Every structure is written in C-alpha cells, then in structure tokens.
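Working notes for the structure below.
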Amino acid sequence: MIEIRGLEKYFGALQVLKGIDLDVEKGEVLSVIGASGSGKSTLLYCINGLEPIQKGTVLVDGTDVHAKTTDINKLRQKLGMVFQQWNSFPHLTALENVALAPKIVKGKAKSEARDIAEKQLRHVGLGDKLNVYPNNLSGGQQQRLAIARALAMEPEYMLFDEATSALDPELVGEVLDTMRLLAEEGMTMICVTHEMGFARDVSDRVAYFHQGVMDEIGPPDQIFGDAKSENTRKFLANVR
Amino acid sequence: MQETISFFSGFTPNDLWFLGEAALRTLWISALSISIGTVLGCAFGWMLYEGKLAATLTLAPVLDVFRSVPLIIQLVLFYNFAPIVGLDLDPFGSGVVILTIYTSALVANVARGGIEAVERPMRRAARSLGMSYWQDMRYVVLPIGGRAVFPAWVGVALGVMKDSALVSVLGYVELLKASQILITRTQEPFLILTIAGAFYFALSFPISRYAAKLEKRWAQ
C-alpha cells in the first residue's frame, strides 16, 4: 500500500504540491488527471524518491521513501516506472535492455536474466524483437520495451508518467492495450494520463489535480459523470 | 693527392631499423601517457561535472593552464625545474609526466561532455530500475556518453601521439629526435623526414581506421 500524508514539494520558491493526502491500495488502478503543471508527474517522482520532498511522508508498504535510513535503490525495485520519454538504452538490444537491471541490480545469473527479459518482452508483444536495437523500433514499441524493462524487476507497483503523450496518435493504442493488460492482471498502478478514455474504462479511482492540490478523487463514474469540483468540471469540459 | 675526408655517410638499411626502434619509443611514450592521461582525465571530467563550485574554482583553472600553455614550454620547464623539488626524472620520465597531465587536461573536457551527453531523463530511468549511482555511471553513462565523445577522444589521442615529438627537445630519442640525428649524419632531410612521416602515418592510420569502424558499428 502507498500512503501519502501532507506531501509538500517546492521547486525553488514555487510550490508544486500543496499538502497531498492519498492512499493507494494493493491491486488498485488510480488515474491522475489534470492540466499541465498541476503537479501530477511530480507526485510520481516523489513516490519513488527521484525528487526530494520538503514536507510530509510517502510510505510504500510501511517504508518511508524519503527517510535517510531507507535503502532507496532496494525500495525502487518495488516501484516500476514508465516515463513520457521511453529512454531505451540505445547501446543495448531489446533483450539486453530488459535483462540489464535484473542482472546488475538483483544479481541474477546472465541466463536467468535473459529468460526473465524474454518472458517480459513476449508479455508486452515484443517477442519477435528480442535482438533488435531500440533505434529500429517505433515509439510505441520502445514504450512497450520500457514497460517490459520495468516489469522485469517484478515490481509490486507501476507508476506511469504520461506514457502515451510523446507518441504519434496511431501508436497510442498499443501502449494503452499493454497498460490495460497489466491492470487486468491485478497490477497496482498509478497512471498520470491525458487519456480520458483509459482513465474512465480502466481505473478504480480517478484523482483530479489542480495547481498542486488534489481537488477531487473518486470512482470514474463520479468524476466523469458527476464531478463535485467546479475545476474538475471545467477541465473535463475542455478536454472532451 | 690527399683523399677527401667525408663527415657524412648515406642512408643505410640499418638507419631504417634505427627509425623503427624510435617509432616504437614514440608508440610507447604515447600509449603510456594517453592511457594514464585518459583515466585521470575521466576522473577530472567527473569532478568537473559533479563537483560543481569546488571543482570549478580549483581544478578547472589548473587544467586550463595545462591546456593553454604550449606543450614544449611545459616540457622544458618541468624537465629543468623538477629536480629543484627533488624529482630527478630522465627525459622519458619527464615526457610521460607532462604528456599525461596534458592528455588528462584535454580528456577532462571530453569526459565531462560525455557525461552531459546522457540526458537526465535517461539517468532517471536507470535509477528508477533500482540502479545505484555507480551502476548508472558504469552501465548507462559510460557506454552512451563514451560513444558520444569517442571521436573527440580519438582526436585527442592522435594529437598527443604527434605532440610526443616535442619530447625530443629533452633529448629522448623518439621518432623525431632519431630523424634529426640521421639528418645531421646523412644530410638527406627530405628522405628521412618522409620516412619519419610515413612512420607517424603508420602509427596513426590503424587507430583512426579502427575508430571509424567502431563508430560505424555503434551507429547500426
């Protein structure tokens, strides 16, 4: 379970998160929506410790992400993350991209790491691209590669930071399908997204962020059908 | 009639052997300086990248001096003044020390550029997989950044190999010094400098060809 209490985050003098309280249960799919600059992506970075926080706590299965005593590299193995830019390692084949972290971080034997990588690449539909270098893959395929790379660490949570927003429109579907597949398999997911269809169909809950505040959270039907917050209604009216 | 005494004698096959040996000394002093200088330069480059203010204030000006002052001046100054501080090095030792520092000063900027070539999101992605700082450096930054600045490093290495000719001013008999000795004896500068040039080419060409081949392979 992820428990966030009173989370405040500043970039210099600019406060981007203004006291966020949020719990995400195991097996839950939470979509986070909101305008650019509302703090959605920063929330994910704070959850896996890629950004320091100024106030509050983030607990992952009871471990304080930002405590000095926490082994953050170990904790991050529980928290797979997929970014807007897929960031494939260009010097490695698809298989090597996925096998690298299990080998060097988890200390798996080379053959075992390759087996894990092959399994995860087949999982995301890239079974025929094992020995292909990323620059010969499309954006959608590279993003699925990034998902496989995160899954190879056998995370308990997956954080998606606008995973489809850098893709050409015709490539969005294949990545969303992979995310849907993970949701169906019971993966705990926090998805920062601009894909309202995905948020509505796949999520258990949807959170709307507005200027660093979590303005509203609830089931998709409520958020998309009967939003309580005026800001949420305005935002949804604009994106539809 | 008295016979004319000649102080000069023509170029012989033995002289070619003499030049070959000198070329090996050029290769040896260059390989040593470039290897140690590259390792040091990478460390300096990393310090410049990570050290921020402290490195900018201390290391950067020192490296600037070694980059800016002509190598021949550094060699002569070091060779003549090092004994004052108790470092009594022969021409080879002095040459290696100065060429190494000179290489490291040039490589430091190349290395810093290499680290900067790996964008922050890529490094964040590596860290998000649970990699430590040093795993990220070793498995992500080094191969990606290294490839980005490899051509620049090859340029530095080839430059230093040619600059190693300046160690001749200290009396170390590398290729250029050997050529000067032979020119004095044979009075055939055109022939000997052409042969010396061919030796330099023979040392440099395989390196640049191999580098080009590597770059082509990486580009695929």
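Taken together, the values in this text are just the output of simple stated rules run on the coordinates, not laboratory data. Owing to the predicted nature of the structure, the values given are computational and were not obtained by experimental measurement. We place every Cβ from the backbone using ideal geometry, glycine too, and count neighbours over all the protein chains shown.
In the stretch B:191-209, how many are touching a helix residue (DSSP H, G or I) at 6+ places or on another chain (Cβ under 8 Å) and either among the acidic types (Asp, Glu) or within 18 Å of B:GLU174 (Cα to Cα) (or both)? Total satisfying the criteria: 9.
Among the residues of the stretch B:127-158, those identified as touching a residue at least 24 places away in the same chain (Cβ under 8 Å) and either away from every other protein chain (no Cβ under 14 Å) or farther than 30 Å from A:GLN77 by Cα (or both) are B:VAL149, B:PHE150, B:PRO151, B:ALA152, B:TRP153, B:VAL154, B:VAL156, B:ALA157, B:LEU158. Per this entry, A:ILE190 is counted among residues that are within 14 Å of another protein chain (Cβ to nearest Cβ) and either polar (S, T, N, Q) or under 21 Å from A:LYS40 (Cβ atoms) (or both). Of all residues in the stretch B:104-126, those satisfying the criterion of being within 12 Å of another protein chain (Cβ to nearest Cβ) and over 23 Å from A:LEU151 (Cβ atoms) are B:ALA117, B:VAL118, B:GLU119, B:ARG120.
Criterion first (closer than 14 Å to B:GLY41 by Cβ and either in contact with a Phe, Trp or Tyr (Cβ under 6 Å, 6 or more places away or on another chain) or away from every other protein chain (no Cβ under 12 Å) (or both)) does B:VAL85 satisfy it? No; evaluated as a whole, the condition is false for this residue.
Hey, any hits in the stretch A:24-43 for a residue that's facing chain B (nearest Cβ under 9 Å) and out of contact with any strand residue (DSSP E or B) (no Cβ under 7 Å at 6 or more places or on another chain)? No; the residues of the stretch A:24-43 include none that is facing chain B (nearest Cβ under 9 Å) and out of contact with any strand residue (DSSP E or B) (no Cβ under 7 Å at 6 or more places or on another chain). Close contacts from the stretch B:196-220, counting a first residue that is within 12 Å of B:PHE150 (Cβ to Cβ) and a second that is charged (D, E, K, R), with Cβ to Cβ under 6 Å and a gap of 6+ residues or different chains, come to B:TRP218/B:ARG147. Residues in the stretch A:117-136 that are outside any helix (DSSP H, G or I) and closer than 9 Å to A:ALA94 by Cα: A:LEU126, A:LEU130, A:ASN131, A:VAL132, A:TYR133. Scanning the stretch A:81-101 for residues that are part of a helix (DSSP H, G or I) and either facing chain B (nearest Cβ under 9 Å) or more than 21 Å from A:PHE160 (Cα to Cα) (or both) gives A:LEU95, A:GLU96, A:LEU100, A:ALA101.
When we screen B:SER168, B:SER208, B:SER204, B:SER179 for residues that are within 17 Å of the chain's Cα centre (by Cα) and crowded, with 19+ Cβ neighbours inside 10 Å, the only hit is B:SER168. Figure legend. Inter-residue proximity from the stretch B:41-63: first residues closer than 12 Å to B:ASN109 by Cβ, second residues of a type in the set (Ser, Thr, Tyr) and crowded, with 18+ Cβ neighbours inside 10 Å, beta-carbon distance below 8 Å, spacing 6+ or different chains. Indicated pairs: B:GLY41/B:THR103; B:GLY41/B:SER104; B:PHE44/B:SER104; B:LEU63/B:SER104. Selection of the stretch A:150-163 for residues being farther than 27 Å from A:SER36 by Cα, touching a helix residue (DSSP H, G or I) at 6+ places or on another chain (Cβ under 7 Å) and not small (Gly, Ala, Ser) yields A:LEU151, A:MET153, A:PRO155, A:GLU156.
Can you pull out every residue in the stretch A:155-188 that is within 25 Å of B:GLY130 (Cβ to Cβ) and more than 14 Å from the chain's Cα centre (by Cα)? Within the stretch A:155-188, A:ALA166, A:LEU181, A:GLU185, A:GLY186 qualify.
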